[in-house]
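What follows is a short report on a single structure.
The values are calculated or read from the model by the stated rules, or taken from the named source; none is laboratory data. Owing to the predicted nature of the structure, the values given are computational and were not obtained by experimental measurement. Glycine gets a Cβ as well: all are built from the backbone with ideal geometry, and neighbour counts include every protein chain shown. Only protein heavy atoms, including side chains, enter the accessible area calculation; ligands, DNA and RNA are left aside. Shrake-Rupley method; radii C 1.70, N 1.55, O 1.52, S 1.80 Å.
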Amino acid sequence: MSIGPIPEPTPETAPFWQGAAEGELRIQRCIRCESFYFYPRPFCPKCNSDEVEWKRVSGRARLSSYIINYRPSPEFESKDPQIIALVTLEEGPRLCTNIVGVEPEPDNLRLGMELQVAFEPRGDQFLPVFKPVRI
Amino acid sequence: MPLISPNGGNIAIVGASETERVGVVPDMSMIQLHADAARRALKDAGLTPADVDGIATAETQVIEVAAMLGIRPRWMDGTTIGGCSFMAHVRHAAAAIATGQASVVLITHGESGRSWVGMPNYSMNPRGPDGQFEQPFGAIAPYSLFTLPALAFLEARGMGQRDLAEVVVAQREWAIPNERAQRRTPVTVDEVLTGPRVAYPFTRDMCCVVTDGGGALVLVSAERARDLPSANRAVYLMGSGESCESVLVSQMDDLTSFGSFRRASAEAFETAGVTHDDIDHAMFYDAFAHLPLYMLEDTGFVGFGESGAFHAEGHTRPGGRLPINTNGGGMSYTHSGMYGMYAIQEAVRQLRGEAVVQVPDMKLSFVQGVGGLFWSAASLILSNQAP
Ligand SMILES: [Zn+2]
């Protein structure tokens with residue numbers, strides 16, 4: 001169990017967090033324009049269609065940008081550096097997340113590197129975090 | 001009253017002042033910082049609170065500022081879009097004055113960002129988009145959010161951490177002679193790079209200072225400005241723009257170029273009817289060192305990938321061809337949380353010929369603001385030439 005802020009789902013975001021609790025990354029896709037989008041809402045931000053569906057996505061992503069946070073907020077009750085990252089899913093949407101399973105050093109973090117989703121318990125929720133496919 | 005254009009110099013800033021003190025001001029609450037700045041700006045204009053019929057501020061309730069000063073307005077603007085709110089207020093006030101909805105508009109900022117006196121409690125909302133999709137991962141403080149796309153920007157251009165340090169070094173030169181500035185020690189690129197780590201690739205001096213302070217502006221029509229004792233110091237609004245994108249950094253349309261900078265600045269240049277070559281001076285809201293790099297490129301002053309060299313070659317320093325952040329910027333001068341007001345104040349001082357480090361032969365200043373953490377943007381083009 002990691003310590004830190006716990007997300008509280010709303011009716012529109014609940015399927016995302018329900019998926020995470022079941023070990024699945026679920027993202028919405030517009031049936032009309034076929035684009036995946038994030039964050040959750042019951043209509044498509046690109047074409048305004050109401051015809052949208054939740055899809056289990058691959059969980060494969062690439063590292064788009066990151067910081068190594070040497071001054072974690074007090075909510076984490078730890079001074080350990082955090083890798084806070086922006087990752088782009090194979091299906092298109094970008095998420096803010098943590099990179100885990102690797103030491104927080106720039107040499108270990110190459111933009112474009114392949115990542116795979118994992119789920120970490122936090123309070124009554126599970127957070128989607130990402131691990132390098134190859135270390 | 002006949003309708004006039006809000007652009008082209010028809011609207012004037014006739015009063016402008018920061019709080020008497022900026023930096024560490026533990027003996028003033030947030031609302032008193034607003035009031036101190038407001039009363040000084042009105043005095044600067046040769047006006048009193050009784051003359052004000054329009055009022056704008058951000059974050060703090062407009063009502064609280066109006067009540068504090070005994071103002072009973074007929075026009076209010078509480079636009080709160082982050083630290084560039086004040087650029088947006090100038091733009092909105094110009095439209096209000098141009099259409100007769102207000103005749104004397106007061107815009108105020110006050111923030112006890114360092115001493116936290118009379119400030120609301122900081123709170124997170126775990127149900128908001130940020131509370132669900134950013135904060136659980138540690139992206140909470142500005143240094144852990146605003147900084148997130150920087151490596152993508154740098155890598156796309158073959159630039160790196162040194163380019164961030166060059167921005168700090170260039171801006172520090174402006175702050176060294178400025179007694180109101182927080183960081184006044186000369187620094188080298190290597191000293192910046194080896195400074196205390198905050199959030200790789202950012203070291204301490206690549207992050208803004210945290211201070212107390214405030215500022216205020218008074219706007220009237222250029223026609224009315226002619227009758228005020230401050231007439232010969234009036235600064236005119238030539239053009240402006242504003243835009244927004246997302247409240248989540250992860251949802252920027254492009255991590256390597258901020259669309260809101262492009263849209264807001266394009267409208268400012270179009271409405272002002274001037275070109276980049278006409279601009280003598282720029283204020284680029286710099287909460288962190290990557291922002292002047294994004295802004296230089298996104299607002300069209302330099303081409304793709306040229307922003308780092310432009311700093312390193314000295315073009316933004318005293319004597320350079322585009323002096324930038326001539327008060328030292330948010331990273332060296334002051335930054336109470338919403339820096340936009342101080343950027344406008346410095347542009348006004350430069351155009352009036354009253355800056356601590358004065359740029360010679362000033363006619364046009366470009367001011368680019370950013371709101372939140374790549375949430376929003378607003379741009380102003382200001383002139384000292386009466387229309
Ligand atoms: Zn669609």
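I need a count of the residues in region A:61-78 that are in contact with a Pro (Cβ under 7 Å, 6 or more places away or on another chain) and either touching a residue at least 12 places away in the same chain (Cβ under 8 Å) or more than 12 Å from chain B (Cβ to nearest Cβ) (or both).
Final tally of qualifying residues: 5.
Please tell me if B:T19 is more than 20 Å from B:S365 (Cβ to Cβ) and buried (at least 18 other Cβ atoms within 10 Å of the Cβ).
Taking the combined requirement at face value, the residue satisfies it.
Quick one: would you say A:V52 is more than 10 Å from chain B (Cβ to nearest Cβ) and within 16 Å of the ligand (Cβ to nearest atom)?
yes
Restricting attention to helices (runs of 4 or more DSSP H) lying wholly within region B:219-303, give those where 2 or more residues are crowded, with 23+ Cβ neighbours inside 10 Å.
Result: B:259-272, B:290-298.
Would you tally the residues in region B:125-143 being facing chain A (nearest Cβ under 9 Å) and under 19 Å from B:V210 (Cβ atoms)?
The qualifying residues number 4.
May I ask you to verify whether B:R352 is open to solvent by 20 Å² or more (accessible area, probe 1.4 Å), over 13 Å from B:Q171 (Cα atoms) and touching a residue at least 60 places away in the same chain (Cβ under 8 Å)?
Answer is yes for this residue.
If I ask for residues that are among the aromatic types (F, W, Y) and part of a strand (DSSP E or B), which ones from region B:350-387 would you list?
The answer is B:F366, and nothing else.
Check whether at least one residue in region A:8-28 is away from chain B (no Cβ under 13 Å), within 16 Å of the ligand (Cβ to nearest atom) and modelled with pLDDT of 95 or more, and report yes or no.
Yes: region A:8-28 contains one or more residues that are away from chain B (no Cβ under 13 Å), within 16 Å of the ligand (Cβ to nearest atom) and modelled with pLDDT of 95 or more.
Against the definition (closer than 22 Å to A:V133 by Cα and either open to solvent by 30 Å² or more (accessible area, probe 1.4 Å) or in contact with a Gly (Cβ under 6 Å, 6 or more places away or on another chain) (or both)), how does A:E8 come out, yes or no?
Answer is no for this residue.
Only residues in region B:371-387 that are without any contact (Cβ under 8 Å) to a residue 24 or more places away in the chain count as the first member; pair them with residues that are assigned to a loop (DSSP other than H, G, I, E, B), Cβ under 9 angstrom, at least 6 apart or cross-chain, and list the lot.
none
Look through A:G123, A:G112, A:G59 and report the one residue that is out of contact with any His (no Cβ under 8 Å at 6 or more places or on another chain) and surrounded by fewer than 16 Cβ atoms within 10 Å (Cβ to Cβ).
A:G112
Which is among the acidic types (D, E) and touching a Gly at 6+ places or on another chain (Cβ under 8 Å), of B:D278, B:D227, B:D205?
Step by step, each of B:D278, B:D227, B:D205 is checked, and only B:D205 is among the acidic types (D, E) and touching a Gly at 6+ places or on another chain (Cβ under 8 Å).
Restricting attention to region A:48-89, which residues are among the acidic types (D, E) and outside any strand (DSSP E or B)?
A:D50, A:E51, A:E75, A:E77, A:D80
Name every residue in region A:84-108 that is within 9 Å of chain B (Cβ to nearest Cβ), more than 10 Å from the chain's Cα centre (by Cα) and either closer than 23 Å to B:D130 by Cα or crowded, with 16+ Cβ neighbours inside 10 Å (or both), in order of residue number.
The answer is A:I84, A:P104.
Of everything in region A:36-47 that's part of a loop (DSSP other than H, G, I, E, B), hydrophobic (A, V, I, L, M, F, W, C) and over 13 Å from the mean Cα position of the chain (by Cα), which residue is farthest from the ligand (Cβ to nearest atom)?
A:F43
Scan region B:242-262 for residues that are away from chain A (no Cβ under 13 Å) and of a type outside the set (S, T, Y) and jot them down.
Within region B:242-262, B:E242, B:C244, B:F258, B:G259, B:F261, B:R262 meet the criteria.
How many residues are open to solvent by less than 40 Å² (accessible area, probe 1.4 Å) and of a type outside the set (A, V, I, L, M) when one looks only at region B:155-191?
8
In region B:323-349, what residues are touching a strand residue (DSSP E or B) at 6+ places or on another chain (Cβ under 7 Å), outside any helix (DSSP H, G or I) and open to solvent by less than 10 Å² (accessible area, probe 1.4 Å)?
Answer for region B:323-349, where residues must be touching a strand residue (DSSP E or B) at 6+ places or on another chain (Cβ under 7 Å), outside any helix (DSSP H, G or I) and open to solvent by less than 10 Å² (accessible area, probe 1.4 Å): B:P323, B:I324, B:N325, B:T326, B:T334, B:S336.
Which of the residues spanning region B:5-29 are among the hydrophobic types (A, V, I, L, M, F, W, C), outside any loop (DSSP other than H, G, I, E, B) and within 19 Å of B:R180 (Cα to Cα)?
Of everything in region B:5-29, just one residue is among the hydrophobic types (A, V, I, L, M, F, W, C), outside any loop (DSSP other than H, G, I, E, B) and within 19 Å of B:R180 (Cα to Cα), namely B:A16.
Restricting to region B:119-154, name every residue that is surrounded by fewer than 16 Cβ atoms within 10 Å (Cβ to Cβ) and in contact (Cβ under 8 Å) with a residue 12 or more places away in the chain.
Of everything in region B:119-154, just one residue is surrounded by fewer than 16 Cβ atoms within 10 Å (Cβ to Cβ) and in contact (Cβ under 8 Å) with a residue 12 or more places away in the chain, namely B:M124.
Residues to consider are B:F146, B:F153; find the one that is more than 7 Å from chain A (Cβ to nearest Cβ) and touching a strand residue (DSSP E or B) at 6+ places or on another chain (Cβ under 6 Å).
The match here is B:F146.
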